[in-house]
Amino acid sequence: MDDVWDLVVVGGGPAGAAAALRARQLRPEARVLLLDRADFPRDKACGDGIAAHGRDELALLGVPDLIADYRPTRRLAVVSPGGARVSATSARPNHVVPRRVFDARLVDAARARGVEVRRHQVRALAVLGDRVVLDGTVTARAVVAADGANSTVRRLIGVSPSPERHTAIAVRGYADVPAGDDVQSIFMQRDGWPAYAWSFPIGDGTANVGYGMLLPRLHATGLPGKEVLHGRLAELLPHVSARDLRAHHLPLSPGRPGPGSGRVMLAGDAASLINPLTGEGIFYALVSGRLAGEAAVQAADDPLPAYRRGLEKALGRHLRTTDVLALASQSPGFIDAAIDTAARRKEVFDLLVDVGLGAGTVPVPLALAVVRRWFLNTVRRR
Ligand SMILES: Cc1cc2nc3c(=O)[nH]c(=O)nc-3n(C[C@H](O)[C@H](O)[C@H](O)COP(=O)(O)OP(=O)(O)OC[C@H]3O[C@@H](n4cnc5c(N)ncnc54)[C@H](O)[C@@H]3O)c2cc1C
């Protein structure tokens with residue numbers, strides 16, 4: 001058996017790497033072990049979109065230039081389920097970085113900061129007093145479970161996953177696009193709503209393209225998942241020919257469980273922290289990972305309450321806002337009104353970006369502007 005680690009992180013995606021980086025940043029002498037079942041670089045089904053908010057997190061973690069060699073883009077175009085359109089410039093630039101590159105760089109940065117990285121698939125967990133033992137061989141004072149949507153550690157500590165009604169599924173691929181294409185485009189679909197396709201150009205003549213929908217809507221079709229997802233992607237993006245198609249579940253934040261148990265903290269997808277309006281999860285993985293890493297070294301005697309407080313402070317109001325918006329956006333008319341209003345008022349566009357990609361909340365006057373537009377659209381249609 002190993003000596004006791006101050007922190008063992010399970011999963012080397014953005015949540016796990018952030019936890020490991022933060023722990024060593026705050027306590028350089030801390031013994032931190034990062035376990036992942038894969039060797040890096042490894043692929044991960046994702047849209048590869050990293051918002052400006054995610055870059056803020058990279059700066060906080062001490063790796064501000066991690067993706068500085070990728071082309072920034074500010075242009076965002078959205079077509080709503082009913083055909084309302086907005087095309088505008090974001091207040092701050094976003095990036096598209098293949099996860100094969102992004103995650104490997106984060107893990108390398110953790111290694112360079114003194115984190116020990118091992119290839120290891122966690123299968124068992126036991127709690128022995130104030131220690132957590134993984135697979136009978138690895139002993140930790142604290143564990144961050146950052147092992148993704150189908151988290152094994154979450155199951156082992158008896159925490160339920162997101163219910164199916166709060167789970168989405170999406171497929172992503174890569175396609176050739178003109179090298180000058182720098183518009184991140186989202187095409188929402190009324191049939192099976194909420195559902196949308198995206199094209200996120202990387203800047204090298206390729207784009208990440210994909211399609212996602214709620215899992216119950218997929219099951220309601222009665223058709224094989226692959227047929228539905230691939231078919232709808234082709235229907236919404238008829239001009240692209242996508243390769244390397246790969247699908248994965250997205251546990252959405254309205255179905256989030258408690259953030260852990262005992263000395264085990266759940267972060268990122270393992271904690272169901274994906275934005276229900278956009279499917280963006282990298283920012284939330286970085287934030288929650290950072291906070292879990294912080295709690296592990298700053299509140300080592302009892303990290304979970306400190307982590308819970310940190311999450312509440314950083315994301316509590318935002319998560320409650322998106323819980324409500326996810327309910328409202330079950331009606332495609334609400335999203336039509338939001339996009340319509342965003343096309344007329346830049347501050348509403350900026351707000352949608354903040355709520356959809358960061359920790360934004362909705363000030364009452366702007367919420368009222370959208371509701372007013374929703375009402376007017378409904379009256380006009382009648
Ligand atoms: C198709 C699709 C498109 C998306 N598009 C975007 C987007 O454009 N922008 C965005 O922000 N978000 C997007 N998301 C969401 C985003 O991919 C996730 O929120 C993000 O990857 C969560 O990071 P994580 O670190 O929590 O988990 P992951 O990135 O899933 O990492 C989990 C890690 O744990 C490891 N692991 C799993 N089980 C074990 C085990 N038992 N033992 C050891 N290691 C284990 C895995 O190998 C993996 O490396 C998308 C998701 C999908 C499916």
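The values are calculated or read from the model by the stated rules, or taken from the named source; none is laboratory data. The shown structure was predicted, so the numbers you read here are calculated from the model rather than taken from an experiment. A quick note on method: Cβ atoms are made from the backbone with ideal geometry, for glycine too, and the neighbour counts reach across all protein chains shown.
Applying the criterion of at least 1 residues that are farther than 28 Å from A140 by Cβ, touching a Gly at 6+ places or on another chain (Cβ under 7 Å) and more than 13 Å from the ligand (Cβ to nearest atom) to the helices (runs of 4 or more DSSP H) found wholly in region 1-114 leaves an empty list.
To keep it simple, each residue is scored yes or no on (1) farther than 30 Å from P332 by Cβ; (2) basic (K, R); (3) touching a residue at least 40 places away in the same chain (Cβ under 8 Å).
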| position | (1), (2), (3) |
| --- | --- |
| L35 | yes, no, yes |
| A38 | yes, no, yes |
| P41 | yes, no, yes |
| C46 | no, no, yes |
| R55 | yes, yes, yes |
| R75 | no, yes, yes |
| A91 | no, no, yes |
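Within the set A285, A296, A306, the sole residue that is in a helix (DSSP H, G or I) and in contact with a Gly (Cβ under 9 Å, 6 or more places away or on another chain) turns out to be A285.
Among residues of region 114-134 that are at negative phi, those with a beta-carbon under 9 Å from a residue that is among the basic types (K, R) and in a strand (DSSP E or B) at least six positions away or on a different chain give the pairs D130/R141; R131/R141; V132/R141.
Of the candidates D65, D6, D48, the single residue that is over 19 Å from F200 (Cβ atoms) and touching a strand residue (DSSP E or B) at 6+ places or on another chain (Cβ under 6 Å) is D6. Put simply, of L266, L237 the only residue that is at pLDDT 95 or above and crowded, with 23+ Cβ neighbours inside 10 Å is L266.
Scoring V132 on the criteria (1) within 30 Å of Y70 (Cβ to Cβ); (2) over 23 Å from the mean Cα position of the chain (by Cα); (3) among the β-branched types (V, I, T) leaves a single failure, condition (1). Restricting attention to region 250-277, the residues being within 14 Å of the ligand (Cβ to nearest atom) and either basic (K, R) or closer than 23 Å to A207 by Cβ (or both) number 5. So L35 passes all but one of these: (1) touching a helix residue (DSSP H, G or I) at 6+ places or on another chain (Cβ under 6 Å); (2) under 23 Å from L156 (Cβ atoms). Which condition number does it fail? Just one mismatch for L35, condition (1).
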